[in-house]
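This report concerns only the one structure given below.
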Amino acid sequence: MRILITGFVILVIWSFFSMWLYVDVLKPQTKRHEIVQPAPPVQNREADSLAKLYASMPKDLTVYFDFDKTSMLPAPGIENSLTALKDWMGKYPSTLLLVTGNTDFIGTPEYNMKLSAKRAETVKKFLIEKGFPADKLITGTARPDNNLTNQLTSKERAEHRRTEVTIKK
């Protein structure tokens with residue numbers, strides 16, 4: 001019986017000691033708030049300068065065509081776009097221009113690819129006449145499946161009969 005009473009007394013003493021240790025020593029340690037300074041943001045200057053460069057790029061030049069034709073339609077503001085592209089190429093001489101022909105979906109895919117290529121060549125010749133270097137112009141055609149969206153009306157199909165001149169990134 002003496003062993004049971006001694007064990008019970010030790011248990012009570014240990015319970016009070018562990019409660020004091022937890023409540024007065026350990027728990028307040030968890031509530032102390034240390035002010036942590038956030039790390040300074042890492043600035044990627046290359047990404048920032050690239051974003052600024054892309055933002056300063058001139059807008060793409062779009063030339064429209066009549067149905068089944070390779071002669072360009074007159075476009076308002078084309079001279080301003082050409083001047084901006086020329087200035088850009090003067091500032092960045094390694095720039096390449098991508099001339100991409102497009103068609104609407106009417107006709108066979110093979111015929112439309114040939115027509116797209118002819119339209120791109122027409123715009124390329126126009127750009128060369130305006131003083132752009134031929135070795136900086138790359139012609140291509142858009143894949144036919146790129147042209148299948150929103151071509152229900154004649155106006156929507158006319159928007160797809162175009163050639164785009166973009167700066168190759």
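Within segment 105-114, is even one residue more than 17 Å from T166 (Cα to Cα) and among the hydroxyl-bearing types (S, T, Y)?
Yes.
Identify, please: which residue in segment 16-59 is basic (K, R) and modelled with pLDDT of 75 or more and is, among those, surrounded by the fewest Cβ atoms within 10 Å (Cβ to Cβ)?
Within segment 16-59, the match that is surrounded by the fewest Cβ atoms within 10 Å (Cβ to Cβ) is K52.
Kindly indicate whether any position in segment 90-110 is among the basic types (K, R) and under 24 Å from the mean Cα position of the chain (by Cα).
Yes, segment 90-110 contains at least one residue that is among the basic types (K, R) and under 24 Å from the mean Cα position of the chain (by Cα).
Kindly provide the set of residues from segment 69-103 that are touching a Ser or Thr at 6+ places or on another chain (Cβ under 9 Å) and in a loop (DSSP other than H, G, I, E, B), ordered by number.
Matches in segment 69-103: T70, S71, A75, N102, T103.
Return the pairs, sorted by first residue and then second, in which the second residue is part of a helix (DSSP H, G or I) and modelled with pLDDT under 95, the first residue lies in segment 114-136 and is β-branched (V, I, T), the beta carbons are less than 7 Å apart, and the residues are 6+ apart or on different chains.
I128/A134
Tell me which residues, restricted to segment 134-145, are surrounded by fewer than 13 Cβ atoms within 10 Å (Cβ to Cβ) and at pLDDT 90 or above.
Result: A134, D135.
Which of the following residues is under 21 Å from A142 (Cβ atoms), free of Cβ contacts under 8 Å to residues at least 24 places away in the same chain and either surrounded by 10 or more Cβ atoms within 10 Å (Cβ to Cβ) or of a type in the set (S, T, N, Q) (or both): I13, I78, I106?
After applying the criteria, what remains is I78.
Determine if segment 104-115 includes at least one residue that is within 30 Å of L53 (Cβ to Cβ) and either of a type in the set (A, V, I, L, M) or in contact with a Pro (Cβ under 9 Å, 6 or more places away or on another chain) (or both).
No, segment 104-115 contains no residue that is within 30 Å of L53 (Cβ to Cβ) and either of a type in the set (A, V, I, L, M) or in contact with a Pro (Cβ under 9 Å, 6 or more places away or on another chain) (or both).
The values are calculated or read from the model by the stated rules, or taken from the named source; none is laboratory data. Please read these numbers as outputs of a predicted model, since none were measured by experiment. With ideal geometry, Cβ positions are generated from the backbone for all residues, glycine too; neighbour counts draw on all protein chains shown.
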